[in-house]
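The next block holds one structure in the form of structure tokens; read it before the comments.
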Amino acid sequence: MYAVDINNILGPDLKGGSLKDLISNTTDLQPHHNTKEGHSQMQISHGTSMNRYPDEYLFVKNYVDSKWNTTFGDLKLLSFGSSTGEEAISLATLYFNDTKYQHVSIYGVDIDENTLDSARSKVNKLGSQSQRNVTFFHGEKTHLSVHGKYDVIFASSVLCFYNGRKPLGQVLAHFPFSQYKKSLESLDAVLKDGGLLAIVNMNYNFEETELVERYLPVAKCTENSFVPRIDRDTNEWVEITGQSMDCVWVKMR
């Protein structure tokens, strides 16, 4: 997944917190550079893959089926930090590919034009229904709220600073807990009440934020959970590889 490090991504009525401080990655990190707006940004790899988090995706599909079985309406899913599009395409072709999902819209947001072009090119090769259902947009040019609020937001391998086991001080400097909280608040601002927040791989525990009071964990994942957590009491790494971790939460209010 690609990082999102932008200003004013939210619309004027959805100021849940700017995403300009969000720093994240999945693989190789490169030096800082400044964006045209002057904000510091971390250049990172765009590495991702098809069906990367099957536990998470399958639970979301089953939850959608149980809650919106016959009334999908304008159900909207967001792949936050969509990179070259594999997550959005996986959702469209492997999970929401039946004709009954024809009114499900899947959006992907990124800030790198090349990866967005790659994602759109891949979508153009899909069947007509999947093409209609998947849309990618540029996060620096378009507010995250442009499509309204979402029913499901996927933000896996985004809310973290990771390139193997980095020195703890370096992670805390580049992606402190305060930025993690602001990032979650920004996503919360565009998630509908009753919607799902799906996250695998993050540096901190969702349970340590104030938002947890309004969210209920409803699924655990074990596959591809490789980013260690930071114990904020001891300032030490906590290894989670192979452990069953909360990965999907429902927004209660």
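The values are calculated or read from the model by the stated rules, or taken from the named source; none is laboratory data. Computed from a predicted structure; not experimentally measured. Virtual Cβ from ideal backbone geometry, glycine too; neighbours counted across all protein chains shown.
From the residues in region 221-240 that are more than 14 Å from Ser156 (Cβ to Cβ) and among the acidic types (Asp, Glu), which one is surrounded by the fewest Cβ atoms within 10 Å (Cβ to Cβ)? Across region 221-240, the extreme among qualifying residues is Asp233. Does any residue of region 157-171 turn out to be within 30 Å of Thr234 (Cα to Cα), of a type in the set (Phe, Trp, Tyr) and touching a helix residue (DSSP H, G or I) at 6+ places or on another chain (Cβ under 6 Å)? Within region 157-171 (the criterion being within 30 Å of Thr234 (Cα to Cα), of a type in the set (Phe, Trp, Tyr) and touching a helix residue (DSSP H, G or I) at 6+ places or on another chain (Cβ under 6 Å)), the answer is yes, since at least one residue qualifies.
Asn203 passes every criterion in (1) buried (at least 17 other Cβ atoms within 10 Å of the Cβ); (2) without any contact (Cβ under 8 Å) to a residue 60 or more places away in the chain; (3) of a type outside the set (Gly, Ala, Ser); (4) over 23 Å from Arg52 (Cα atoms) apart from (4). Within the bounds of region 134-150, is there any residue that is of a type in the set (Val, Ile, Thr) and in contact with an Asp or Glu (Cβ under 6 Å, 6 or more places away or on another chain)? Looking for residues that are of a type in the set (Val, Ile, Thr) and in contact with an Asp or Glu (Cβ under 6 Å, 6 or more places away or on another chain), one finds none in region 134-150, hence no.
Among residues belonging to region 226-253 that are free of Cβ contacts under 8 Å to residues at least 12 places away in the same chain and in a strand (DSSP E or B), point out the one that is nearest to Val212 (Cα to Cα). Among those that are free of Cβ contacts under 8 Å to residues at least 12 places away in the same chain and in a strand (DSSP E or B), it is Asp231. Of everything in region 87-112, what is surrounded by fewer than 18 Cβ atoms within 10 Å (Cβ to Cβ), at pLDDT below 90 and assigned to a helix (DSSP H, G or I)? Give them in sequence order. If the condition is that a residue be surrounded by fewer than 18 Cβ atoms within 10 Å (Cβ to Cβ), at pLDDT below 90 and assigned to a helix (DSSP H, G or I), then Thr99, Lys100 are the ones that fit.
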